[in-house]
Amino acid sequence: MGSIKEELASQFRSLSVALTISMSVVFSIFAGAITGYYLDLWLFDGQSHWLTIICLFLGIAGAAKNFLILTKRFTKEPGEKKGKDQPEAHISGHKDNV
C-alpha cells in the first residue's frame, strides 16, 4: 500500500481522466448542434432544421471518435508508452547502445 498522498494523487488522476473524457464528449455534441442551428439561421432563416440534425450527428460521431481516442490514451500502462518521442528499433533489429 502506498501513502495517503499517493492514493489521493491516484484518485485525482482518475477523476481528471474521467472529466476530460466526459467533457470532450459533451462539448463535441454541443458544438455540432450549435453550429448546425446557427447555419440554419444564417442560410435558411430558421425555416429548416436539416443542418442542425446533420451537424448534431456529426458532433455525435466526433464525440465517439474522441471517446475512443482518449480511452486508448488513458488506459495505456506506464510501460507501454510508445509515441513520437521514443525511437523505434532499426529495421535490422539492432538497438543503439547509447
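We did not get these values from a lab; they are worked out from the coordinates using the rules stated. For clarity, every value in this text was computed on a predicted model and none was experimentally measured. Cβ: placed from backbone, ideal geometry, glycine included. Neighbour counts: every protein chain shown.
Ranked highest first by the average count of other Cβ atoms within 10 Å around their residues, in what order do 41-52, 21-32 fall?
In decreasing order of mean packing, 41-52, 21-32 become 21-32, 41-52.
Exactly which trypsin sites (Lys or Arg not before Pro) in region 1-79 are in a DSSP loop and have at most 16 other Cβ atoms within 10 Å?
LYS76
Give me the net charge for the shell around PHE12: Cβ to Cβ below 15 angstrom, other residues only, Lys and Arg +1, Asp and Glu -1.
Overall, the nearby charge balance is 0.
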